[in-house]
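Data first, discussion second: the structure below is written as structure tokens.
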Amino acid sequence: MERSQQPDLRLEPWSDEGGLALLTGLNTPEMTEHLGGPETPEKLADRHLRYLRLGGPDGPVGGGRMFRITLGGETAGAIGYWETTWQGEAVWETGWGVLPGFQG
């Protein structure tokens, strides 16, 4: 495929615009099977607020960021990274989800 024919794949900073809808789309039994199952609407709203703060001025020390994955202008999923503690040490963790219509 020539460069001009490649789909427009982008990482857009997490925002109020479509963020909660994206989390809702990723919150299906199939998508959360290995994560303990779907979250309640209240937990999704809390997660969305955490993602908005992550990497922002009120975010955690050490940073991290969440992004919306877009393909050809359509929201395809989410990806991010953050600092956390594992076995008493600071480590970086990443997470992602791709909507079923964009998988494969």
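The values are calculated or read from the model by the stated rules, or taken from the named source; none is laboratory data. Since this is a predicted model, take the numbers as computed values, not measurements. Don't worry about glycine lacking a Cβ; one is built from the backbone with ideal geometry, like all the others, and counts go over all protein chains shown. What goes into the accessible areas is simple: the full protein's heavy atoms, side chains included, and nothing from ligands, DNA or RNA. Shrake-Rupley method; radii C 1.70, N 1.55, O 1.52, S 1.80 Å.
Taking θ as phi - 60° and the Karplus parameters 6.51, -1.76 and 1.60, the scalar couplings of the stretch 81-90 work out to 8, 7, 8, 8, 10, 9, 6, x, 10, 6 Hz in sequence order, x denoting glycine and proline. With respect to the chain, whose longest principal axis is taken over its alpha-carbon atoms, helix 41-53 is tilted by about 90°. Over the chain, with a Gaussian network built from C-alpha contacts below 10 Å, which listed residue (Gly77, Gly37, Gly64) shows the highest mean-square fluctuation? Of the options given, Gly37 has the highest mean-square fluctuation. Rounded to the nearest 20 debye, the dipole size of the chain about its Cα centre is 140 debye, using +1 on the Cβ of Lys and Arg and -1 on the Cβ of Asp and Glu. Ligands, DNA and RNA left out, the accessible area of the chain computed with a 1.4 Å probe is 53% carbon and sulfur. Every helix of 4 or more DSSP H residues in the chain counts as -39500 (n - 2.57), and over all residues that averages to -6000 deg cm²/dmol at 222 nm.
Counting only protein heavy atoms and a 1.4 Å probe, the chain has 71 square angstrom of accessible area per residue.
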